[in-house]
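Provided herewith is a single structure, encoded as C-alpha cells, for subsequent inquiry.
Please treat every number below as a calculation from the coordinates, not as lab data. Keep in mind that this is a model prediction, so the values were computed, not measured. We place every Cβ from the backbone using ideal geometry, glycine too, and count neighbours over all the protein chains shown.
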Amino acid sequence: MTDTATQSAAATGTAIDETYDVPADATAYTCSYCGRPFARESWLALHRGLAHPSELDDEEVEAFRAAHDEEEASLSAFRLQALGALVLIYFGFLMVYALV
Amino acid sequence: MARRHPGSYTGAKAQLPTMTSGRRRTVALVVCGLGWLAATGTASAHGGSLAGGGRESLTIPTWLFLSTGGAAVGASFLLASFVTDRAFVERIHDWGRPLSGDYERVLTLAGQLLGLAGLAAVFVVGFLGPTNARTNLAILLVWVGWWAGLAMTTYLVGNSWATLNPFKTLADLLPSLDRTYPARVGSWPAVGGLLVLVWVEVVSPLADQPRLLASVVAGYSVLTLAGALVFGPEDWFAHADPVERVFRYYGRFAPIGRGEDGLRLRLPGMDLSTPRLVDGPDEVAFVVALLWVTTYDGLVTTPAWRDLTTPLVDTGVPPHLLYPVALGIGFAGFLGVYQLAVRLSRDMSDTYLAPAVLAQRFAPPLIAIAVGYHFAHYLGYFLVLAPSLAVALTSPFADPAVVPTIELPDWFGAIALASVIIGHLVAIWVAHAAAYDLFPARLQAIRSQYPFIAVMVFYTMTSLWVVSQPEVALPHL
C-alpha cells in the first residue's frame, strides 16, 4: 500500500518533466505562466494569448496580435497550396477514370 | 470475424460474389456521393450495368479502387485543414445536453438482470441446447446479439455494457480481497487479453460448436471473477478486463456518454478529442491492438495469406504456431508504425512536447476507424441473422430444420464501404481538433498530422484491399 502511494506521488511529481522533452542544445522560449517550452518566440506569443488570455500585460497582448497576423498570412498561403493539391487530385482522378 | 460465425455459412457466404463486386463498384458511389470525386460517377454507371456479375466483370481495376479510397482520405484531410477557426472547432466538440434523471436506477437494475439472464442463457443453452450452430441460442446470442448487435449499439447509442456486464454484477455481489492492483502492470493484461481472445476466436470453431463456446465463456468467467475477487471489481474492470475496455472505448464514440455530471448527449465521435482519454503507453497499445485485430481477422482469410504461408507450412512450421506468431508480429509492426508516425509528427511540428504526450493524444481518433470497420463488418451479418436470433429466443431448445434469415440487397455493400470511409473522416476531424488543442500555431497543428494522414491513407488502402479479396477458408487448420 505504501509502495504504491509513493509511486503515484513520484509519478505526479515528475509529470511536468515527462510532458516536455527539450533537446539539450536547443533554444526554448518558456511560458512564464505554465512553464511550457516552445521552439519559436511567435508560438510562445500565440500560446500566451490562447491559454492565459486574462493574465497578459500590454506588451504580451501586442506580441500575440503580431503573431496572430503573421499566422493568418501563412495560413492563406497554405490554403492556396491545399486547394492546388485538391484540384490536382480531382483532375488527376478524372483523367485516370476517363482513360481506364 | 464474420467468417467464423454461423452467418458466413448461410446468407453471407452465398452473397459474397455480388457483395464483393458491389463493394468495389460502390466505393466510387460513396466517394462521389460525398462530393469529392465526381468523376467516379462514370465508373459507377459502368459497374451498375454489370450488377450481379462476379469480380471479373468489374470495370475498375483494383489499383484504381484502392487509390480512390486512399485519395478520399487524403482529400478529406485537406478539406479539414481549411477549417482554421479555433472557436468553431471547440464549439463542435463541446456541444452537449445533460440527460440524467431518476429513471437511471431502474434502468440500471433492469440492465443488470438482463445481463445475468443472457449469461445464464449462454451456459444453459450452450451446454444443453441443440448442437446446430444456426439454431443454438448461445451461439446466436454471443455473436449476433452481443458481439455484433450490442457492440453496434455501444457506438451508435451508448455503452450499455457498462451496466449489462454480468461479470461485473456478479463480482460486485462476491466478497473481495481488495489487494492493490499493481500500477506498473497498468492495462497491459487487457492488451494481452484482447490478442488472446482474438487468436482463440480466429483459430477455434467458437462460432460453430455451442459446447466449446459455453466452455470458453465459463473459462473467461472464472478468470474474470478470480481477478475481481483478488483486486476488487473496480480496479479489475477499469484496467485488466479486455472486453470491458473494448466497449468503453467504443462507447466514447457514442452520442450518449457519461460526463462529470451524469449522462450527457453529445455529437458522435467528438468526445474522442478529450485530453487524457488514453493515458499511458499501455492504453495507446490497446487502441492500436483494437485496430490491428480488425485487420488480422480479415487478413488470414485472403488468398494472399494462404499463398504466403503455404511454403512456410511445407517446410515444417507448425500452423498452430503460425497464427499467434503472426498476430504478435503484426501487432508489434502496427505499434512500431504508430510510434514512428508519432516521432515524425514531433519532428515536423517542431514541438517540445514529449513523444508520449503526442502518442496518447492522437490514439483516440483511431477508435473512430475501428468503429467504422466494426460497423462495415457486422451490420450485414447482424441483419442477416437477426431473425434466427429472434426464433432461438422464443424457443431456445427447439432445433428447427430451417431458420429464417434476411436476404440483403445488392447495394448493401455500399453501406459497408461508406462506414469505413466515414470512420476515417471522423478520425481525421478528431485528430485535427486534438492538434488544434495541443499546438498554439495552427499551421504547426496541420503539419503535425502529415505522418498520421500518410499512415491512414496506407491503412485505408490495405483494408480496402482485404475487403475486395475473396474469402477463403482458414488455411492449414
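Could you tell me the distance between the Cα centroids of the range B:186-252 and the range B:324-355, to the nearest Å?
26
Obtain the nm distance between the two label points defined at residue B:211 and residue B:95 by a simple spin-label model: each point lies 7 Å from its Cα along the Cα-to-C-beta direction.
5.5
In the P(r) worked out for chain B, what percent of Cα pairs fall beyond 28 Å?
Everything past 28 Å amounts to 55 percent.
Place +1 on the Cβ of every Lys and Arg and -1 on the Cβ of every Asp and Glu in chain B, take the dipole about the Cα centre, and give the residue among B:256, B:398, B:433 whose Cα lies farthest towards its positive end.
Going by the charge dipole, the pick is B:433.
Using +1 on the beta carbon of Lys and Arg, -1 on that of Asp and Glu, and nothing else charged, what's the dipole of the protein assembly as shown about the Cα centre, debye to 20?
Here the protein assembly as shown has a charge dipole of around 1880 debye.
Run the numbers on the range B:2-468 and let me know its relative contact order in percent, using alpha-carbon pairs under 8 Å that are six or more apart.
In percent, rounded to a whole number, it is 26.
Nearest 0.05, what FRET efficiency do residue B:395 and residue A:29 give at R0 = 51 Å with Cβ-Cβ as r?
Working: r = 72 Å, r/R0 = 1.42.
In this case the efficiency is close to 0.10.
Counting other C-beta atoms within 10 Å, and keeping those with at most 12, which DSSP coil GluC sites (Glu not before Pro) do you find in the range B:238-324?
Those that pass, being in a loop and sparsely packed, are B:260.
Continuing with this model, one more query. Give the average, rounded to an integer, of partner chain Cβ atoms located within 10 angstrom of each Cβ in B:438-448. Working shown, then result.
Details: counts 0, 5, 17, 14, 7, 5, 6, 0, 3, 1, 0.
Average per residue, whole number: 5.
Using the Kyte-Doolittle scale, find the helices of chain B whose mean hydropathy is at least -1.0 and whose Cα atoms extend 30 Å or more along the helix's long axis, counting only whole DSSP H runs.
B:103-128, B:210-231, B:319-349, B:364-394, B:412-438
Under a plain spin-label model, where a point goes 7 Å from the Cα along Cα-to-Cβ, how far apart in nm are residue B:458 and residue B:238?
Those two pseudo-labels are separated by 3.7 nm.
Using 7 Å Cα-to-Cβ label points, what is the residue B:177/residue B:102 separation (nm, one decimal)?
For the pair residue B:177/residue B:102, the computed spacing is 4.3 nm.
For the protein assembly as shown, count the residues as N, evaluate 2.2 N^0.38 Å, and divide the Cα radius of gyration by that value, please.
On the way: Rg = 25.4 Å, N = 577, 2.2 N^0.38 = 24.6 Å.
Taking N as the residue count of the protein assembly as shown, the ratio is 1.03.
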